[in-house]
Amino acid sequence: MKVLLISANTETINMPTLPLGLASVAAAIQKGHDVKVVDLMAEKDGSSFFNGVIEGFRPDLIGISIRNIDDQNMENPRFLLDPVKDIVACCRRLSDATIVLGGAGYSIFPESTLDFLGAEMGIQGEGEATFSKLIERIERGADISGVPGLYLRGHGLQCERMFMRDLDLFPLPDADLLPLPSLKEELWMPVQTRRGCPLSCSYCSTGEIEGRNLRRRSPKSVVGWMARWREAGVRQFYFVDNTFNLPASYAKEICSKLIELDLNIRWWSILYPKSVDEELVAHLARAGCEQVSIGFESGSEGILKSLNKRFTLEEVRQISKMLSEYGIRRMGFLLLGSPGETRESVERSLLFADSLKLDSMKVTAGVRIYPRTSLAKKAIEEGIITPHDELLFPRFYLAKGLEEWLPETLKSWAATRPHWMIPDYR
Ligand code: B12
């Protein structure tokens, strides 16, 4: 079967991303099919290029990867699906192929995204095994309703989703399936070592995307894959795991493997500020980790508790200090305005952030509400959203009384710290 896989993301906010997930799906189906991957981020002349591909390739099936729904910015929210609607319409105009949606953004809103974009079906969650199964059934003319995680527009979920236990069973994509726009300075090759997050922070959608059980690739397979990309000229990597350090023993194994292969690379990762001991920090530094994101989110123990964070401010302080001693840059994150937030807790958070002497900082005011989270439940109880609100169009939680004061306070706070603020409050 001829399968065209399109990555619809053209957003460069923060950094341009590469469609690792879509390319992984392509790698999983490549053997039995004629597969073409198109990354719209890489195509300057979007629509005419696109028309040419569809008319030239004549796909039987089109998969579209949807990463971002919106930019999570309460003050000036941008909804990012309108251009994707045009892509779906263009596929329809030029081809009779069935359109299947997937991706991180899609997986949070499987039904409402199908309705909004008008595609026939979508697969929630990881696509390697399930998309293979779907194609195989379509090809045989068999019933597709048993494909795990499959949604049909207007008919909802067909079969419970499934999670692959052994991630190593599926290959990681090489350069034929993950074409690089060009090896520009700002490109950071995404690396995923594990899936699933058991932490359940009150506002987070990761459980919906990746499930709650942690599953990992073997360090040998991940680092071996990175070595192949190193040979292809890539030197910058970004570990896209939500929590690179959990479990710490596994993070150390990854680092040890990187140290052993001595790839001369630089990389960034995301740390949960718990279970980071000096041995891990030393490993990170030796293995080439140059910067970490630390989502400590608040400087108030009470707010941390209500966000269901499992670390203390003292842990954040110690970890941040250790990272700095080992020369690893620290980018901090504050998420302000969640339930229970007051002017006093905000001020405490800003003071705490200052005290860490971080290298850069991102502050978000107002929390994007995702379906089926405890934040959504709270927002329903307080009448901020209704139980029927699908939340595809972004809605935010902002504690009462902070509406005007918080943005004003953040603007003046950020104005005196221009060297280390990253948007939105520069
Ligand atoms: C790492 C990460 C980042 C990094 C990216 C670094 C890099 N070099 O790539 C950074 C910090 C820069 C970042 C920035 C942003 N991010 Co971000 N990010 C993530 C994160 C944690 C992982 C994404 C990832 O790479 N996954 C690994 C790959 C392998 O998985 P995947 O793409 O999902 O693919 C799998 C499945 O989805 C599926 N699949 C994918 N495509 C297809 C297609 C078909 C047809 C099928 C069947 C299946 C399928 O199969 C794949 C393999 O199993 C996700 C949350 C999450 N847990 O997914 C948020 C997430 C994607 N980000 C999000 C957002 C909002 C953003 C920003 C807009 C934030 C901002 N205001 O700056 C920017 C946008 C960046 C951009 N230019 O697009 C949201 C998107 C939802 C939304 N509201 O739009 C997410 C979901 C987080 C959340 N809040 O829930 N992000």
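Things worth noting here:
Conditions (1) surrounded by fewer than 20 Cβ atoms within 10 Å (Cβ to Cβ); (2) part of a loop (DSSP other than H, G, I, E, B); (3) modelled with pLDDT under 95; (4) not assigned by TED's automatic domain parsing to the domain that holds T373, marked per residue:
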residue: S200; (1), (2), (3), (4): yes, yes, yes, no
residue: N213; (1), (2), (3), (4): yes, yes, no, no
residue: A227; (1), (2), (3), (4): yes, no, no, no
residue: R230; (1), (2), (3), (4): yes, no, no, no
residue: D241; (1), (2), (3), (4): no, yes, no, no
residue: F244; (1), (2), (3), (4): no, yes, no, no
residue: A251; (1), (2), (3), (4): no, no, no, no
residue: S256; (1), (2), (3), (4): yes, no, no, no
residue: S269; (1), (2), (3), (4): no, no, no, no
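- Segment 184-201, subset out of contact with any strand residue (DSSP E or B) (no Cβ under 9 Å at 6 or more places or on another chain) and away from the ligand (no atom under 12 Å from the Cβ), residue farthest from A23 (Cα to Cα): S200
The values are calculated or read from the model by the stated rules, or taken from the named source; none is laboratory data. Bear in mind the structure is a predicted one, so any value in this text is a computation, not a measurement. Note: ideal-geometry Cβ built from the backbone for every residue, glycine included; neighbour counts use all protein chains shown.
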